[in-house]
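Working notes for the structure below.
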Amino acid sequence: MDVPKDQFTTLLDHGLYSSAQMLGCFAVSSTSINPETSPHLRAESLVLFGDSLFREKEYRRAFRIYKQALQYHKVIPKQNAATPPTTRSSLSTNRSSSPSSFNTSAINENEVKFKIAKCHSSLGQNVAALSEMEGIPSKSRNLEMNLMMAKLYRNSRHTRAAIGCLKECLRCGTTTLKRHLTHSNNNFTLDVDRNCPYIMEAIIALAELGISAKDIVSLFPQTPNRSGRPPFDHFDSTRWLQRYVEAQCSIASNDYKGGLELFSELLQRFPNNIHILLEIAKVKAVTGKNDEAILDFEKVRSIDAFVVTYMDEYAMLLKLKSDYSKLNKLVHDLLSIDSTKPEVFVALSVLWEKKDERGALSYAEKSIHIDGRHVAGYIMKGNLLLSMNRPEAAVIAYRGAQELRPDLRSYQGLVRSYLALSKIKEALYAAREAMKAMPQSAKALKLVGDVHASSTSGREKAKKFYESALRLEPGFLGAALALAELHVMEGRNGDAVSLLERYLKDWADDSLHVKLAQVFAATNMLQDSLSHYQAALR
């Protein structure tokens with residue numbers, strides 16, 4: 001029974017994978033019962049059948065079929081060289097009568113190995129996927145293969161190998177033009193490569209792995225014209241791309257201020273750029289500029305209501321603001337857009353935290369199961385474990401986030417966890433790590449102050465760190481509240497009141513009213529205390 005290959009490929013090309021899968025059953029059956037069917041014809045039909053299964057997310061079946069295809073492929077060199085080749089027009093046993101015919105495989109072994117690796121990866125079998133990829137010669141790897149190898153190496157913590165693959169992506173990223181030449185009745189393919197530096201995934205990954213902006217930009221291709229100078233449009237496009245690289249490297253090195261400035265510059269050139277807006281919002285969320293971050297996330301949703309990227313960060317901010325109405329709507333929207341994304345499960349975890357901590361924890365763990373590199377999932381898991389009085393487990397979660405991409409929140413979580421375990425030395429080490437990584441961060445300074453404030457002997461040091469944080473960022477309410485609490489602990493209630501009232505003029509925040517109410521209550525100024533509690537409730 002003949003099964004036309006062109007009909008098979010047409011179904012695949014048009015996304016009719018279910019029909020292609022059913023047709024594949026006929027193709028495989030047809031080639032298996034015919035003893036005259038050549039091995040390379042069987043291999044080709046199996047690969048197409050595997051493609052249909054892979055597209056339908058039947059990864060285990062696709063893996064088995066691809067393996068069978070490779071077995072037939074290995075038989076081909078053993079065949080008599082006079083065996084007629086398979087035509088590329090059908091999956092039947094057509095023969096070629098041309099005397100110049102030669103035996104060739106209809107499949108590319110390296111491509112099939114890549115498909116097998118993708119099956120392993122889709123099933124979460126990263127070690128097996130990497131093993132399969134390493135069986136492909138480096139010179140035979142294309143852009144997609146190099147990018148996948150980089151991801152697998154990162155997941156396996158093989159940093160140097162990952163960097164090598166990512167650099168290869170930028171160095172040899174290509175788009176291929178195929179020109180068909182006819183010679184001696186045989187078709188040849190000439191590949192013409194054009195360098196493509198716009199592989200944003202590789203740029204971000206290299207920045208996160210500590211490669212400098214200068215080194216990344218040096219990988220970009222140079223395309224001078226006859227005068228020896230790059231054309232203006234090329235120079236202009238390269239310039240904004242260099243700014244983008246610098247921005248990502250700044251963020252990766254915890255230079256959030258510099259990164260925000262560069263992203264803001266890019267946003268002026270590319271207004272309403274959702275990717276840039278999301279990057280800006282994410283940085284603001286990480287650095288505690290919550291109100292500004294919320295506005296940026298809301299702007300993104302006003303431009304495109306179906307964006308899922310970083311929406312779990314937005315959910316965390318809404319919970320901090322106790323805006324459960326917006327949080328409920330956000331989670332409902334995300335579930336209707338794509339319920340398989342890790343961001344959705346983190347957002348569900350945020351929503352359920354108040355109702356059911358165990359249920360919330362299961363959602364956070366689900367997000368990590370979907371994407372083992374999803375930092376927000378680890379942060380949320382750590383927060384939940386800490387609130388459930390499981391600081392030792394929380395430490396592991398926060399360390400997991402740090403290994404992927406250290407930011408202020410993982411440092412804060414570690415400090416809180418170690419303090420809960422009365423491990424002052426470890427808490428101080430984590431806080432100093434944060435200060436070293438972010439020397440211009442007032443929040444990192446406050447973190448060191450928090451550790452010193454946990455012991456009576458360290459209060460004077462804590463005061464100095466809180467005051468330094470306020471000098472660096474005068475509007476930092478967290479440091480003001482911590483310093484006021486320190487004044488109260490030392491019996492300096494008057495200093496605490498004057499500090500808080502000074503901030504109350506510019507920042508009418510609920511936490512300020514609550515702290516003032518507590519201080520007034522401690523000094524038996526009950527009427528003043530009541531008025532501030534009422535102000536906090538309004």
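The values are calculated or read from the model by the stated rules, or taken from the named source; none is laboratory data. Note that the structure is a prediction, hence the values are computed from the model and not measured. All Cβ positions, glycine included, derive from the backbone under ideal geometry; neighbour counts span all protein chains shown. Ligands, DNA and RNA are excluded from the accessible area calculation, which covers all protein heavy atoms including side chains. Shrake-Rupley method; radii C 1.70, N 1.55, O 1.52, S 1.80 Å.
Below is a table of values for the structure above.
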quantity: Whole-percent pair-distance distribution, where bins are 5 Å wide, for the alpha carbons of segment 470-523; calculated: 4, 22, 36, 24, 11, 2, 0
quantity: Segment 372-468, Cα convex hull volume normalised per residue, Å³; calculated: 83 Å³
quantity: Kirkwood Rh (inverse of mean 1/r, distinct Cα pairs), segment 425-537, angstrom; calculated: 14.5 Å
quantity: Local electrostatic count, LEU260, Cβ distance below 13 Å [Lys/Arg +1, Asp/Glu -1]; calculated: -2
quantity: 26 Å tail of the calculated P(r), segment 260-398, as % of Cα pairs; calculated: 22 percent
quantity: Extension gain from LYS461 to LYS139, taking 0.36 nm per residue of separation minus the Cα-Cα distance; calculated: 110.1 nm
quantity: Förster radius 60 Å - calculated FRET efficiency between THR159 and LEU537, Cβ distance, rounded to 0.05; calculated: 0.70
quantity: Largest-first principal axis extents of the Cα set of segment 262-307 (Å); calculated: 26, 25, 12
quantity: Anchor LYS113: lysines whose Cα lies under 20 Å away (excluding residues fewer than 8 positions away in-chain); calculated: LYS57, LYS67, LYS74, LYS139, LYS151
quantity: Sequence of THR309, THR456 from largest to smallest accessible area, 1.4 Å probe; calculated: THR456, THR309
quantity: Estimated translational D of segment 321-434 in µm²/s (Stokes, Kirkwood radius over Cα pairs; 37 °C; 0.692 mPa s); calculated: 228 µm²/s
quantity: 15 Å tail of the calculated P(r), segment 109-172, as % of Cα pairs; calculated: 42 percent
quantity: Listed residues TRP240, TRP352 arranged by accessible area, highest first, probe 1.4 Å; calculated: TRP352, TRP240
